[in-house]
Amino acid sequence: MTFIPYEKRKYGPLGPNSKEIIKKTDKYSSNHYARYPFAPIYSKGAWLYDADGNKALDFLAGYSSILTHKLDEAFAAYTDEYYNGTDLISGALYNKPYAEFLELITNLTGYDKVNPKSDGGTATDSAISALLNHGKPRGIKSPEAILIEQYFHGRTWIFGSNALFDDDQKYNRNPQAGGIRVVKNNLKDIEDAINENTVGIFMETHQGEGGPLFNSKEHFLAIRKLTKDKKIFLGCDEIQTGLGRCGYLMAWQEFGEEARPDFVTLGKALGAGLVPVSMTVGTEEFMSILKPGSDGSTYGGYPLAGRVGTAVLNYIQRNDICSRATKIGDYFTQKLTGIPGIKTDHRGALIRVELEGVKTAKYACLEMLLGKNRNPRVFMKHGHYDPIRDVAYTRIAPPIGAMTEELIDLAVEKTIIPVLSQASRKK
Ligand SMILES: Cc1ncc(COP(=O)(O)O)c(C=O)c1O
């Protein structure tokens, strides 16, 4: 049988019920997501189930938001609060779930204060506002924050114009939007960009969306030292890398306590796929810039978010999610070692698989999910094509609490290796 390259195949919905969902969505939704034609109606553990009797192993986990699908403890906490406590009572009042959550997260992260939000974009946007607001007390008229090129922080106005990549995997960027200066991720460029207006640097600890690509300890510590020497702040976006994903509660912890940033944004997994929960955690010095009225969020720190966030943090501790992430990532990448044309790198359960010389990662991902008679079906997301290194990326981020060695064996042996090694053949 002749092999048809994946990019020449057509991938449609797997059945009539999914087709109907997809048809409606495509008709009425704005066209801002390039979706794979798969429409789950039920999820549990590591699996996604569609309305036509198909199931797929989830290796994206809601862009790192899911530790296990349907985290029962989070739902139990949510429903208990909903039936026996309050729903939304507004940030103008105090609430016990949030108070308890604050105590827990500050204890676990070692930060002094928390500014709660709902989604990741607004948490990071608000962290940058706070950073820029530090200009005034320092006598700076036009404060500037330094961001790193191709790092992703969500889709607010400020980040949308700075670090958003388009469907062709080219980056659109307005390097001078607001008080933002965007520089390449090397020490010399970062150092050169620092001037008398600079209040701080804000970066992902490791680049999630645009890779994943990982910073070395040496590079990260050099940036930390530079910011300390220049007396400016360092903030890290751990919306994707945090909460166990990279083998630590916060990925920067891999580099030791001397790496500690002044503030960190967290989100995604904190809401267990149930409610959006995000926040900035920071030192007293950094967070003291926030005064009544300078920031706020209707759903930020509301009781249900407090209960779910607490349940997630307890789940992470009780189930040793950090070391599980390391074990899963090591096991997965070791299984792909030695396969011609495939390279991997990872931190915990945030994994990059590179295919040499081809742009077909997208079609390989479609084939794994939707290919005829694929068993098991596997859902993971293609990343971008790097023309300089001539490699195509696939991002893999399994649900840490639900993924087992047996499921990895099944997915890798039956689906991932056969598809990726075909896709990596140079045409
Ligand atoms: C590092 C990082 N920051 C911020 C965000 C934005 O989060 P949200 O989509 O919840 O706004 C994302 C989302 O992928 C992210 O990966």
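The values are calculated or read from the model by the stated rules, or taken from the named source; none is laboratory data. These figures come from a predicted structure and were not determined experimentally. Because the Cβ atoms are built from the backbone with ideal geometry, glycine has one as well, and the counts that use them run over all protein chains shown.
See the values below:
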quantity	calculated
Top-ranked residue in segment 372-398 [being of a type outside the set (Ser, Thr, Tyr) and touching a Gly at 6+ places or on another chain (Cβ under 6 Å); ranked as surrounded by the most Cβ atoms within 10 Å (Cβ to Cβ)]	Arg395
Ala127 vs. criteria in contact with a Lys or Arg (Cβ under 7 Å, 6 or more places away or on another chain) and within 29 Å of Lys188 (Cα to Cα)	no
Number of positions in segment 277-297 that are among the β-branched types (Val, Ile, Thr) and within 16 Å of the ligand (Cβ to nearest atom)	3
Test: residue in segment 216-224 that is hydroxyl-bearing (Ser, Thr, Tyr) and in contact (Cβ under 8 Å) with a residue 24 or more places away in the chain	no
Scan of segment 32-56 for residues that are of a type in the set (Lys, Arg) and part of a loop (DSSP other than H, G, I, E, B), ordered by number	Arg35
Condition check for Leu369: within 25 Å of Gly15 (Cα to Cα), surrounded by 22 or more Cβ atoms within 10 Å (Cβ to Cβ) and in contact with a Lys or Arg (Cβ under 6 Å, 6 or more places away or on another chain)	yes
Matching residues, segment 365-418, being modelled with pLDDT under 95, among the polar types (S, T, N, Q) and out of contact with any helix residue (DSSP H, G or I) (no Cβ under 6 Å at 6 or more places or on another chain)	Asn373
Top-ranked residue in segment 273-323 [being touching a strand residue (DSSP E or B) at 6+ places or on another chain (Cβ under 6 Å) and assigned to a helix (DSSP H, G or I); ranked as surrounded by the most Cβ atoms within 10 Å (Cβ to Cβ)]	Phe286
Candidate set from segment 57-71 (those that are over 19 Å from Glu405 (Cβ atoms) and not in a loop (DSSP other than H, G, I, E, B)); member that is nearest to the ligand (Cβ to nearest atom)	Tyr63
Spans of strands (runs of 3 or more DSSP E) in segment 365-405 with at least 2 residues assigned by TED's automatic domain parsing to the domain that holds Leu350 and either touching a His at 6+ places or on another chain (Cβ under 7 Å) or within 16 Å of Gln240 (Cα to Cα) (or both)	381-386, 391-396
Checklist (1) in a helix (DSSP H, G or I); (2) out of contact with any helix residue (DSSP H, G or I) (no Cβ under 6 Å at 6 or more places or on another chain); (3) of a type in the set (D, E, K, R) applied to Lys343, failing item	(1)
Tally of residues being of a type in the set (Phe, Trp, Tyr), touching a helix residue (DSSP H, G or I) at 6+ places or on another chain (Cβ under 7 Å) and within 16 Å of the ligand (Cβ to nearest atom) across segment 194-247	2
Arg347, sole failed condition from (1) at pLDDT 95 or above; (2) surrounded by fewer than 22 Cβ atoms within 10 Å (Cβ to Cβ); (3) of a type in the set (Lys, Arg)	(2)
Selection count where residues are without any contact (Cβ under 8 Å) to a residue 40 or more places away in the chain and within 17 Å of the chain's Cα centre (by Cα), scope segment 254-269	0
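Per-residue answers, yes or no, for (1) closer than 23 Å to Lys381 by Cα; (2) at pLDDT below 95; (3) not aliphatic (A, V, I, L, M):
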{"position": "Glu7", "(1), (2), (3)": "yes, yes, yes"}
{"position": "Lys10", "(1), (2), (3)": "yes, yes, yes"}
{"position": "Ile22", "(1), (2), (3)": "yes, no, no"}
{"position": "Ala46", "(1), (2), (3)": "yes, no, no"}
{"position": "His69", "(1), (2), (3)": "yes, no, yes"}
{"position": "Ala76", "(1), (2), (3)": "no, no, no"}
{"position": "Asp80", "(1), (2), (3)": "no, no, yes"}
{"position": "Asn84", "(1), (2), (3)": "no, no, yes"}
{"position": "Phe101", "(1), (2), (3)": "no, no, yes"}
